[in-house]
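A.B. asks: Right, I'll just put the structure down here and ask away after.
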Amino acid sequence: MTATATATATAPTIAELEEQERRLTLPRFTYDDAWALGSLLVGLARERRAPVAIDIRRGGQQLFHAALPGSTPDNDAWIDRKRRVVERYGCSSYLVGSRFRAKGTTFEESSRLAPDVYAAHGGAFPITVEGAGVIGTVVVSGLPQTEDHALVVEALERFRSA
């Protein structure tokens, strides 16, 4: 499947986004888990020839980063901006943006946060551990926001069921 073949991904509802976050809570998240999840994401992206960059962090430490063919340094800037939204709001960057849109506005217009520092676009997802809460982030950048988000969710679903 090519990156363009995934363009049919439909935008999830707020309820669906919230359910994803509840369902994708992990029992633990170790250094080895970061490597396994990152490697899974790289594999999925390569299968689709997706020109993405991937980043996984726990707290302030980057545990995994990969840039695939076709990605650019701009993807790393998007990763940072989307990751900051998860760190600030404690939920996926796509959910944050969707909540603003549901109120008839945009994140950029109403958050009072610098758009060069924060981006509420899909692709950044919280790593939530049972009993500990949000402990990190997994971020994909390089596709349209719905596809970035869907790729992360698919990888977390596969990772969680492995």
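A.B. asks: With respect to the numbered conditions (1) free of Cβ contacts under 8 Å to residues at least 40 places away in the same chain; (2) surrounded by fewer than 15 Cβ atoms within 10 Å (Cβ to Cβ), which one is the sole condition not fulfilled by A102?
C.D. replies: (1)
A.B. asks: If D33 satisfies all but one of (1) more than 20 Å from V117 (Cβ to Cβ); (2) open to solvent by 20 Å² or more (accessible area, probe 1.4 Å); (3) touching a residue at least 12 places away in the same chain (Cβ under 8 Å), what's the number of the condition it fails?
C.D. replies: (2)
A.B. asks: A follow-up question, please. Taking the stated definitions as given, is G70 open to solvent by less than 20 Å² (accessible area, probe 1.4 Å) and either at pLDDT 95 or above or not in a loop (DSSP other than H, G, I, E, B) (or both)?
C.D. replies: The answer is no for G70.
A.B. asks: Would you be able to tell me the number of residues in the stretch 44-55 that are open to solvent by 30 Å² or more (accessible area, probe 1.4 Å) and assigned to a helix (DSSP H, G or I)?
C.D. replies: Keep residues of the stretch 44-55 that are open to solvent by 30 Å² or more (accessible area, probe 1.4 Å), which gives 46-49, 51.
Those left that are additionally assigned to a helix (DSSP H, G or I): 46-47.
Going through the stretch 44-55 one residue at a time, the tally reaches 2.
A.B. asks: Do any residues in the stretch 143-158 that are polar (S, T, N, Q) have Cβ atoms under 9 Å from those of residues that are open to solvent by 30 Å² or more (accessible area, probe 1.4 Å), where the two are at least six apart or on different chains, and which pairs are they?
C.D. replies: What qualifies is Q145/A11; Q145/H121; T146/A7; T146/A9; T146/T10; T146/A11.
A.B. asks: Given the conditions (1) in a helix (DSSP H, G or I); (2) touching a residue at least 60 places away in the same chain (Cβ under 8 Å); (3) open to solvent by less than 20 Å² (accessible area, probe 1.4 Å); (4) closer than 15 Å to V153 by Cα, report the number of the one that I79 does not fulfil.
C.D. replies: Just one mismatch for I79, condition (4).
The values are calculated or read from the model by the stated rules, or taken from the named source; none is laboratory data. In this text the structure is predicted, and so the values were computed from the model without any measurement. Don't worry about glycine lacking a Cβ; one is built from the backbone with ideal geometry, like all the others, and counts go over all protein chains shown. Just the protein is used for accessible areas: all its heavy atoms, side chains included, with ligands, DNA and RNA removed. Shrake-Rupley method; radii C 1.70, N 1.55, O 1.52, S 1.80 Å.
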